[in-house]
Amino acid sequence: FQGQPSFFLIHVENQASPQPDFGKRMFRYFSRLYEKYDYPVYPVVVFSYDRPKIPASNTFTIGFPEFPVLQFNYRVIQLNQLNWRNFLNHSNPVATALMAKMRIEPADRPRVKAQCLRLLVTLKLDPARMQLIAGFVDTYLKLTPEEETTFTLEIGEIESQQQEQVMEIVTSWMERGIAQGLEQGRQEGRQEGRQEGRQEGRQEAAKREATIFVRLLEQRLDQTIPAFIQMELEQLSLEQVEAFGLNLLGYGAIADILDWLYSEGSLNDQQQRCVRMLAQQLGELPDSLIKTLETLITEKLQSLSSAQLGFESVADVEQWLATSA
């Protein structure tokens, strides 16, 4: 780098929904990394939302009239601006998964799903990674019954050896769907016609999806996800769980999951989530500690998330708050 051996950091941020002042957040993360490690930082953001489709900003500026103080630039990978066809010959499992979120014409949706699976079976991944990516594609490229028919025809066009492996994946989806459909039918039968029943059904679907994501992450990380994190994930709404799943390939450690949880929702949501997770992790919290936690700002909460896995008692939390004031 710059003509000599050196170290540098690549910061990749995954963003599943449009957010005002996102550049400010990227700059804040950049500043923390640079201050902590004192290495050059290459910032990249992956935007995976479906809308809006207008190109996202890649800068954050601070300045005064006639005096520009700062222009911070970061690389933007906006999936809904990318054409899926350009990635058909990439032997990159991440690109294969993310094709499901790229710019796809409605008529091409079944073909894209079939091609994602064809590419996947050519990558010769271990079963855990293959299941992770296949689950991602199935979750974020849902097809209508008419599209499913076209999808089946597309699979029929795949070379025979690859076709057999693709059908193994599709069969596993069908078996899972049948099991979930039976459970959903029982739920809807008990609650038929009632709005609260439909809401419970959505929450049950969110809980099931969160549980699936937890199992996939445990296989990928070769670690057990702590119960307090799993319980919090299972309380998310269906939309939040889907947003969490969009970043599934980006979680390299359990701490990354905590970081996501502490950045999701409003400041009040983050504060309440902090209290719940610490109570699930450590037991009942003193009222005085709860009041303190409910006053923390976003930056402080995110710092706490980095230390949370090391907390073994309420005293550890109180000591952390005292030393980081």
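Coordinate-derived values only; no laboratory data. Note that the coordinates shown come from a computational prediction; the quantities given were computed from them, not determined experimentally. Here Cβ is always computed from backbone atoms with ideal geometry, including for glycine, and neighbour counts include all displayed protein chains.
Relative to the Cα centre, what is the charge dipole magnitude of the range 9-81, using +1 at the beta carbon of each Lys and Arg, -1 at the beta carbon of each Asp and Glu, and rounding to the nearest 20 debye? Can you show the working numbers first?
Working: 8 positive and 6 negative charges, 36 e Å.
Dipole magnitude for the range 9-81 comes out near 180 debye.
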If the viscosity is 1.567 mPa s and the temperature 4 °C, what Stokes-Einstein diffusion coefficient in µm²/s follows for the range 49-161 when Rh is the Kirkwood radius over Cα pairs? 80 µm²/s
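In the chain, how many lysine pairs have Cα atoms under 17 Å apart, counting only pairs 8 or more places apart or on different chains?
Working: K24/K300; K36/K300; K53/K101; K101/K113; K101/K142; K113/K142; K291/K300.
Qualifying lysine pairs in the chain: 7.
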About the Cα centre of the range 265-325, how large is the charge dipole given +1 on each Lys and Arg Cβ and -1 on each Asp and Glu Cβ? Please answer in debye to the nearest 20. 140 debye
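If one computes P(r) from the Cα atoms of the range 235-279, what percent of pairs lie at distances over 11 Å?
Values: 682 of 990 pairs.
More than 11 Å apart: 69 percent of the Cα pairs in the range 235-279.
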Fully extended, how many nm does the chain gain between R129 and S17 (0.36 nm per residue separation, minus their Cα-Cα distance)? 37.8 nm
What does the extension gain come out to for Q272 and Q2, with contour length at 0.36 nm per residue minus their alpha carbon separation? 92.6 nm
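Run the dipole for the chain about the Cα centre, Lys and Arg Cβ at +1, Asp and Glu Cβ at -1, nothing else charged, and hand back the magnitude in debye, nearest 20. Before the final figure, lay out the partial values.
Working: 32 positive and 43 negative charges, 143 e Å.
It works out to roughly 680 debye.
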Charge dipole of the chain built from unit charges on the beta carbon (Lys, Arg +1; Asp, Glu -1), centred at mean Cα; most positive-end Cα among G310, T298, L217 is T298
Highest GNM mean-square fluctuation among I297, I257, I169, for the chain with Cα springs under 10 Å, belongs to I297
Compare the peptides 150-163, 91-104 by average per-residue count of other Cβ atoms within 10 angstrom and give them in order, highest first. 91-104, 150-163
Contact order relative to length for the chain, counting C-alpha pairs under 8 Å separated by 6 or more residues, stands in percent at 10 percent
At 0.36 nm per residue, and after removing the present C-alpha to C-alpha distance, how many nm does the segment from N89 to E294 gain when stretched out fully? 68.8 nm
Quick one: P(r) of the chain from all Cα-Cα pairs, 10 Å bins, percents rounded to integers, in order of increasing distance. 5, 21, 29, 26, 14, 5, 1
Identify, among L143, A100, L321, the residue whose Cα sits farthest towards the positive end of the charge dipole of the chain, taking +1 on the Cβ of Lys and Arg and -1 on the Cβ of Asp and Glu, with the dipole about the Cα centre. A100
Between beta-carbons, use under 14 Å as the cut-off and find the net charge around Q162, counting Lys and Arg +1, Asp and Glu -1. -3
